[in-house]
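Engineer: Here it is, the structure, as structure tokens.
The values are calculated or read from the model by the stated rules, or taken from the named source; none is laboratory data. Owing to the predicted nature of the structure, the values given are computational and were not obtained by experimental measurement. Positions of Cβ are generated from backbone atoms using ideal geometry, with glycine treated the same way; all protein chains shown enter the neighbour counts. All accessible areas refer to the heavy atoms of the entire protein, side chains included, with ligands and DNA or RNA removed. Shrake-Rupley method; radii C 1.70, N 1.55, O 1.52, S 1.80 Å.
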Amino acid sequence: MIWILAAPPPPNPSIFESFFRSGPMAQLVLALLAAFSIASWAIMLGKWMQLRRAESHGRKFLEVFHQSKRFSEVSASAGRLAASPLVGLFQAGYAEIDAQVKAGGEAGGAAQGKYRIKSLPAVERSLKRALNVELLLVTRALPFLATTAAAAPFIGLFGTVWGIMNAFRDIGISGSTSIVAVAPGISEALINTAAGLGAAIPALIGFNYFSGRIRRLRAELDDFVLEFINLAERNFT
């Protein structure tokens with residue numbers, strides 16, 4: 001009795017083996033998608049840490065702001081809570097009030113210690129400028145996530161189409177229409193699609209998540225601007 005041993009199936013190539021076996025265009029596409037993905041994850045991690053620190057400092061700053069009776073006391077405590085955008089708003093408004101007070105002098109004499117400002121709209125404009133600056137700092141690098149979410153699937157699709165074109169070209173050269181002959185080339189091409197989605201989906205989720213948190217932060221900053229203007233109007237006009 002003769003035993004015929006079948007040859008073991010070839011092992012499936014790993015992702016790295018598939019990368020090095022693919023053509024130059026496929027390698028370029030995969031490298032570009034990998035760069036997009038790494039940059040997106042780095043931005044998301046940094047943005048998460050930035051917003052977490054900003055929210056923590058913001059809560060502490062509001063406690064100091066509401067408990068203090070003088071803006072000078074708040075200013076003395078603001079330096080250690082600088083990660084919060086609220087601190088930037090306060091410092092801008094306080095600097096404008098201080099400049100107007102120094103320019104106008106003490107209105108009620110040294111005994112009363114009553115200070116006046118000449119232009120409340122100027123204080124409001126300073127707060128709005130500071131608000132725009134703080135929002136630019138918070139949203140910095142966030143558009144890259146939107147770009148990755150929009151562009152990565154199309155970059156991956158380009159690599160897939162290019163790989164399938166090469167697979168059909170190989171069919172024409174070899175004259176073989178067997179699926180075994182073209183399967184490796186098509187599978188390598190489809191890796192680009194998977195890589196594109198793998199880069200785009202986390203970036204899209206991260207962009208929506210951080211956009212929501214920044215919208216909440218924007219509402220908090222707007223409320224603080226109104227509160228600061230009310231206090232300035234009540235105490236300095």
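Engineer: How do the pairs read when you match residues in segment 125-139 that are open to solvent by less than 20 Å² (accessible area, probe 1.4 Å) with residues anywhere that are in a helix (DSSP H, G or I) and among the charged types (D, E, K, R), using Cβ under 7 Å and keeping only pairs 6 or more apart or on different chains?
Structural biologist: SER126/GLU96
Engineer: Which one of the conditions (1) open to solvent by 30 Å² or more (accessible area, probe 1.4 Å); (2) among the hydroxyl-bearing types (Ser, Thr, Tyr); (3) at pLDDT 90 or above does SER176 fail to meet, given that it meets all the rest?
Structural biologist: (3) is the only condition that SER176 fails.
Engineer: List the residue pairs whose Cβ atoms are under 7 Å apart, where the first residue sits in segment 143-159 and is under 15 Å from LEU30 (Cβ atoms), the second is open to solvent by 70 Å² or more (accessible area, probe 1.4 Å), and the two are 6 or more positions apart or on different chains.
Structural biologist: That search, which allows pairs on different chains as well, returns PRO153/LEU197; ILE155/LEU32; GLY156/LEU197.
Engineer: Could you please let me know if ASN166 is under 29 Å from SER37 (Cα atoms), of a type in the set (S, T, N, Q) and modelled with pLDDT of 85 or more?
Structural biologist: Answer is no for this residue.
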